[in-house]
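Asks: This structure is in structure tokens; I'll ask about it shortly.
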Amino acid sequence: MIDRYAVFGNPVEHSKSPQIHRAFAAQTGEGIEYDKQSVAPDGFYRAADNFFAEGGKGLNITVPFKQEAYGYAARLTTRARHAGAVNTLALQNDGTVLGDNTDGIGMVRDLLENLNWQIKGRKVLVLGAGGAVRGVLEPLLEQLPQHVVITNRTLAKALQLAKGFAEMGYLLGCDYEMLEGQQFDLIINGTSASLAAQLPPLPDGLLADQACCYDMMYAAQPTVFMSWAKQQGAAGVADGLGMLVEQAAESFRLWRGISPNTAPVIAEIRQMLVDQACSDTP
């Protein structure tokens, strides 16, 4: 019997989730069907109800529905509760729907296992204080960095987010001007600036010796933030494609009880991005 899964979003045409999960299924021999579905802005609950009523087993959730999915789930994992958002829904044996957030563990696995970077004992700077950052803070803090500084254009948002996770580790909030004179071992860009080819207002001299820089966004070409990091002398620079595949792998494990090998899938999606970029070039 083929089990049905899908990704819900609006827009959703750009989503790589079907290719990723079909690759996982082919690799593991799991019999699944995975599609993407554009959902009306006010239609999430109805669409989710219909999907599960028609035999669906699980959903990935992308923008703008992660808060709606949080409210839809009958039960939440601890990390989803702390994230305040859900990107994975899984039908349970008792008929209820579990909500999880796999973004943070996906990023951490990419940093530690794919890139072989260090988090423990490191000074970490996170750019942005929105939902993307909130979703990764708990798994990041579980790796015991020396401290994490959250910076944002609006100081109050950075301070509020740092306060909300203060029990899990040493966090500070600041605005970009307050970064002057500080240095970090790892800088994570959790803003959406890269989507608009923009760079947050970062001062020079932020990178400690052998520092690494990570952009949670991804593209066929290096992002503006990645280019800045290289110019600043970063020892390691990466985008968030590995995070995308790793968070999908965690969803797959939650649904199927099997952990797929992510390395060949990351390479496959990377090549797909490059091919698409080449075909779009006049």
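Asks: Look at segment 189-198 and say how many of its residues are farther than 15 Å from residue 129 by Cβ and crowded, with 16+ Cβ neighbours inside 10 Å.
Replies: Qualifying residue count, segment 189-198: 1.
Asks: Could you list, in sequence order, the residues of segment 124-140 that are closer than 16 Å to residue 240 by Cβ and assigned to a loop (DSSP other than H, G, I, E, B)?
Replies: Within segment 124-140, 128, 130 qualify.
Asks: I've got another one for you. Looking at segment 14-55 only, could you name the residues that are of a type in the set (Asp, Glu) and either crowded, with 18+ Cβ neighbours inside 10 Å or farther than 18 Å from residue 87 by Cβ (or both)?
Replies: Correct list: 30, 33, 42, 49, 54.
Asks: For segment 25-43, how many residues are among the aliphatic types (A, V, I, L, M) and not in a loop (DSSP other than H, G, I, E, B)?
Replies: Total meeting the criteria: 3.
Asks: Here's another thing I want to ask about it. Step by step: first the residues of segment 147-159, then only those that are assigned to a helix (DSSP H, G or I) and more than 21 Å from the chain's Cα centre (by Cα), then the one that is farthest from residue 78 (Cα to Cα). Which residue is that?
Replies: Selected residue: 155.
Asks: For segment 38-54, state whether one or more residues are touching a residue at least 24 places away in the same chain (Cβ under 8 Å) and within 23 Å of residue 269 (Cβ to Cβ).
Replies: yes
Asks: Filter segment 141-187 down to the residues that are under 20 Å from residue 209 (Cβ atoms) and surrounded by fewer than 18 Cβ atoms within 10 Å (Cβ to Cβ) and list them by number.
Replies: 146, 147, 180, 181, 182, 183 - these are the residues of segment 141-187 that are under 20 Å from residue 209 (Cβ atoms) and surrounded by fewer than 18 Cβ atoms within 10 Å (Cβ to Cβ).
Asks: Which of the numbered conditions does residue 16 fail, given that it passes all the others? Conditions: (1) more than 17 Å from the chain's Cα centre (by Cα); (2) more than 15 Å from residue 250 (Cβ to Cβ).
Replies: Condition (1) is where residue 16 drops out.
Asks: Can you pull out the residues in segment 163-182 that are more than 15 Å from residue 129 (Cα to Cα) and touching a Leu at 6+ places or on another chain (Cβ under 6 Å)?
Replies: 168, 169, listed by residue number.
Asks: Anything in segment 119-132 that is under 10 Å from the mean Cα position of the chain (by Cα) and modelled with pLDDT of 95 or more? List them, or say none.
Replies: Scanning segment 119-132 gives no hits.
Asks: As an exercise: evaluate residue 198 against (1) closer than 30 Å to residue 93 by Cβ; (2) modelled with pLDDT under 95; (3) not hydroxyl-bearing (Ser, Thr, Tyr) and give the number of the one condition it does not meet.
Replies: (1)
The values are calculated or read from the model by the stated rules, or taken from the named source; none is laboratory data. Since the model is a prediction, treat every value here as computed from it, not as a measurement. Glycine also receives a Cβ, built like all others from the backbone with ideal geometry; neighbour counts cover every protein chain displayed.
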